[in-house]
Amino acid sequence: MRPTDSSPGEHTRAVHPPAFDPPVQRPLGLPVYRTAAFAFADSEEYAEVLGGRRPGYSYSRVDNPTADAFARAVAALEGVGVDGEVAGQPFASGMAAISTVLLTLCRAGSEVVVQRAVYGGTYGVLEHVLARFGVRAVYVDATDVVAVRAATGPATALLYVETLANPTMAVADLPALAEVAQDAGVPLVVDSTFASPAVCRPLEHGADLVVHSATKYLGGHSDVTGGLVVGPPDLLARVRDARLDLGGSLAPDEAWALHRGLATLPLRVARQCASAAVLAGALAADRRVARVDYPGLPTHPGHATAARLFDADEHGTRFGAVLTVTPHGGADAGRAWCDRMRLAEVATSLGGVRTKVSHVASTTHRQMDAATLAAAGIDAGAVRVSVGLEDPADLLADLTAALPDGG
Ligand SMILES: *Cc1c(COP(=O)(O)O)cnc(C)c1O
């Protein structure tokens, strides 16, 4: 229906309401730019923005203001104490970030020197995807810096480690590894998901790129998936180019939720680390427990390195909030322990507000047979505990009440 002959028709009016003009005032809350595309004043501006000769947004797979705001916020947290500018690139998941970084830095014939106990998805990309394109992964014990150096060679494209390795919580000696990478003339890429910038900032210790599964501590509530790469602008420009083509870009709604989570990151992580230390100490002293892997325990092989590299607060060093606990009695005891807990959830993932447990051998490391598990230093009964925000006394009561008596 046309109200008058000269006014647009109802479909045109529906599709072209009065334009949204961003207000002059700066909003305190982060606006969600839920748009796939942006309009230009004219074709010249369109061409200039697409060509990178003028700043501006064109298409949300390329860049989105909400996703950019999240990436800048994480870059600011990771970039403390670093000389020079630190940039960030947002991704749809941790694996999108990791695979894009690997594809940015590798070519056919490249070798990736990577820690043996690497995250399963990263192992999958290396073995099931990149291997088909002539990229070879060279696995090393990243805590053995001499072995890491020996593994580098002319074909090495990057050195890849995790700040805290799953599930042994091995601690990477980042300054020593950075020296090896520098001598080999390759970037040191660090997956710092288990640490978060509230525990350790690898760029301060010589890393060239930091990758995150933002799904874990950065988001912090187990309700959003995202990833991130942080590092110097020149390297990040190459990562961004690869992201545009590969397409693992972060959606604006997810970026908003992740950005909101960041505000409480230090509060959450400080408390989770303090609670993890309480649990680790008490469980290590329990006769029903065979072993506790937690860098905060003086017996852990990474204790001194963590004390040197990780942040401290009034509770002492933040040694992370994930511990691996092995009750006596083997695989059955590990599973039974998880299943008898009432507060802790049997669930995948980590870093959220609720405590989560997983029986390592049958879940996160199910691809490994008994011999491979043993070689990696993982017991059949090991249980990974991601400590949440519950009262530590309640958690300790839950975990100890559920412990099997066997052994
Ligand atoms: C979860 C995780 C990833 C993958 O992140 P997604 O967001 O699940 O894609 C990578 N590295 C580590 C250490 C992780 O824990």
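The values are calculated or read from the model by the stated rules, or taken from the named source; none is laboratory data. All values derive from a computational prediction rather than experimental measurement. Here Cβ is always computed from backbone atoms with ideal geometry, including for glycine, and neighbour counts include all displayed protein chains. Quick note on the areas: whole protein, heavy atoms, side chains included, nothing else; ligands and nucleic acids left out. Shrake-Rupley method; radii C 1.70, N 1.55, O 1.52, S 1.80 Å.
Among helices (runs of 4 or more DSSP H) entirely within the stretch 143-257, having at least 2 residues that are without any contact (Cβ under 8 Å) to a residue 24 or more places away in the chain and charged (D, E, K, R) singles out 233-246.
Candidates are the residues of the stretch 115-132 that are more than 13 Å from the ligand (Cβ to nearest atom) and part of a helix (DSSP H, G or I); the one that is least open to solvent (accessible area, probe 1.4 Å) is Leu130.
To keep it simple, each residue is scored yes or no on (1) open to solvent by less than 30 Å² (accessible area, probe 1.4 Å); (2) modelled with pLDDT of 95 or more; (3) under 19 Å from the mean Cα position of the chain (by Cα).
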{"position": "Phe310", "(1), (2), (3)": "yes, yes, yes"}
{"position": "His315", "(1), (2), (3)": "no, no, no"}
{"position": "Val322", "(1), (2), (3)": "yes, yes, yes"}
{"position": "Ala333", "(1), (2), (3)": "yes, yes, no"}
{"position": "Trp337", "(1), (2), (3)": "yes, yes, no"}
{"position": "Arg340", "(1), (2), (3)": "no, yes, no"}
{"position": "Glu345", "(1), (2), (3)": "no, yes, no"}
{"position": "Thr355", "(1), (2), (3)": "yes, yes, yes"}
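Entry remark, the stretch 24-50: residues being of a type in the set (Gly, Ala, Ser) and surrounded by 12 or more Cβ atoms within 10 Å (Cβ to Cβ) number 1 in total.
In this structure, is Pro197 within 15 Å of the ligand (Cβ to nearest atom) and at negative phi? Against the criterion (within 15 Å of the ligand (Cβ to nearest atom) and at negative phi), Pro197 qualifies.
Residues in the stretch 277-300: is at least one of a type in the set (Phe, Trp, Tyr), at pLDDT 95 or above, farther than 15 Å from Phe70 by Cα and buried (at least 18 other Cβ atoms within 10 Å of the Cβ)? Scanning the stretch 277-300, I find at least one residue that is of a type in the set (Phe, Trp, Tyr), at pLDDT 95 or above, farther than 15 Å from Phe70 by Cα and buried (at least 18 other Cβ atoms within 10 Å of the Cβ), so the answer is yes. Any residue at all in the stretch 177-194 that is polar (S, T, N, Q), away from the ligand (no atom under 16 Å from the Cβ) and at pLDDT 95 or above? The answer is yes; a qualifying residue exists. Could you list, in sequence order, all residues of the stretch 231-257 that are under 19 Å from Val190 (Cα atoms), within 16 Å of the ligand (Cβ to nearest atom) and open to solvent by 30 Å² or more (accessible area, probe 1.4 Å)? Of everything in the stretch 231-257, nothing turns out to be under 19 Å from Val190 (Cα atoms), within 16 Å of the ligand (Cβ to nearest atom) and open to solvent by 30 Å² or more (accessible area, probe 1.4 Å). Among the residues that make up the stretch 133-140, is at least one of them surrounded by fewer than 17 Cβ atoms within 10 Å (Cβ to Cβ), assigned to a helix (DSSP H, G or I), touching a residue at least 24 places away in the same chain (Cβ under 8 Å) and out of contact with any helix residue (DSSP H, G or I) (no Cβ under 8 Å at 6 or more places or on another chain)? Within the stretch 133-140, one or more residues are surrounded by fewer than 17 Cβ atoms within 10 Å (Cβ to Cβ), assigned to a helix (DSSP H, G or I), touching a residue at least 24 places away in the same chain (Cβ under 8 Å) and out of contact with any helix residue (DSSP H, G or I) (no Cβ under 8 Å at 6 or more places or on another chain). Can you tell me which residue in the stretch 214-225 is most open to solvent (accessible area, probe 1.4 Å), limited to those that are within 9 Å of the ligand (Cβ to nearest atom) and more than 12 Å from Leu350 (Cβ to Cβ)? Selected residue: Thr225. The residues on offer are Leu228, Leu174, and the sole one that is crowded, with 24+ Cβ neighbours inside 10 Å, aliphatic (A, V, I, L, M) and away from the ligand (no atom under 14 Å from the Cβ) is Leu174.
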